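Please treat every number below as a calculation from the coordinates, not as lab data. What you see is a predicted model, and the numbers here were worked out from it, not measured in a lab. Cβ placement follows ideal geometry from the backbone for every residue including glycine, while neighbour counts extend to all protein chains displayed.
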Amino acid sequence: MSPSLTVARIAARQGDVFRELRTASLREAPYAFGDTLEETLSADATTFDAKAALNAASTTSTTFILYTEGHPAGLIDACFDDTLARRAFVSDLWVAPAVRHLRGGELLVNTASEWLALGGATEVYAWIADSNRNAMRFYERLGFGPTGDHRPTARAQNQWETQLVRHVTSASAPPAG
Ligand SMILES: CC(C)(COP(=O)(O)OP(=O)(O)OC[C@H]1O[C@@H](n2cnc3c(N)ncnc32)[C@H](O)[C@@H]1OP(=O)(O)O)[C@@H](O)C(=O)NCCC(=O)NCCS
């Protein structure tokens, strides 16, 4: 039987869970992220406590955690950038290998998109490394498409990433008109 997957916004007290998931993601899929494992491991516990507290309460950035049978098994970040356009992004998506292909990734992206839509977003953007073909296929399956923007990755100037976008509407928003 498939395990049940649920998603919830990070709570202020979950700095340790945040650190555990972030380091697990960087160990397992270092090619997918801008940060390095070394940087993350060198950050002390209070850094993650502060990030968890911020992302639990902020109206401009947050983290959602995926649970399988109550155990943390993945995460995604969502934020509005600080430009005038206040563009909405999802990033740092990871699902533990043991629970992949069960739509946990989809649940994380959709929950994060809904949160951004409730905050006023009509488009949600993501940067994906060109070499990460799995993630590219995953996002395309969810309706994301290229904006035409490319840039070198933060990790290696000879590797590139592509910006994807998906239109979103909030299921909870009042009907227009
Ligand atoms: C990308 C990722 C989050 C997907 O998580 P998931 O929970 O397996 O995703 P879902 O079950 O919702 O969707 C899986 C779908 O994505 C696509 N996909 C994911 N991995 C794939 C692969 N290896 N090959 C082909 N398609 C793949 C397929 O359409 C797949 O559908 P299927 O399960 O019916 O084959 C997960 O593979 C992961 O954490 N990868 C490593 C980190 C990473 O690349 N993160 C993205 C950073 S931008």
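Some points to look at:
- A full extension of the chain between Arg137 and Asp149 corresponds to an added length of 2.6 nm, given 0.36 nm per residue minus the alpha carbon distance.
- Protection proxy ranking, peptides 106-116, 80-90, average beta carbon neighbours within 10 Å, highest first: 106-116, 80-90
- Here is how the number arises for the chain: DSSP H runs of 4 or more residues each give -39500 (n - 2.57), the sum is divided by the residue count, and the result at 222 nm is -10000 deg cm²/dmol.
- At R0 = 30 Å, FRET efficiency that the Cβ-Cβ distance of Arg13 and Gln157 yields, to 0.05: 0.20
- Only the Cβ atoms of Lys and Arg (+1) and of Asp and Glu (-1) were treated as charged; on that basis the dipole of the chain about its Cα centre amounts to roughly 360 debye.
- Whether the range 113-177 is rounded, prolate or oblate, judged on the alpha carbon gyration tensor where a/c under 1.5 counts as rounded: prolate
- Distance between the modelled labels on Thr46 and Arg87, one decimal in nanometres: 3.5 nm (7 Å Cα→Cβ projection).
- Nearest-20 debye value, the range 7-109 charge dipole, Cβ charges on Lys, Arg, Asp, Glu: 340 debye
- Computed log₁₀ I(q)/I(0) - Debye formula, equal Cα scatterers, no solvent, the chain, q 0.15, 0.17 Å⁻¹: -0.89, -1.17
- Protection proxy ranking for 21-32, 130-141, 148-159, using the average of other Cβ atoms within 10 Å per residue and placing the highest first: 21-32, 130-141, 148-159.
- Beta bridges per DSSP with both ends in the range 1-157, % antiparallel, nearest 5: 90 percent
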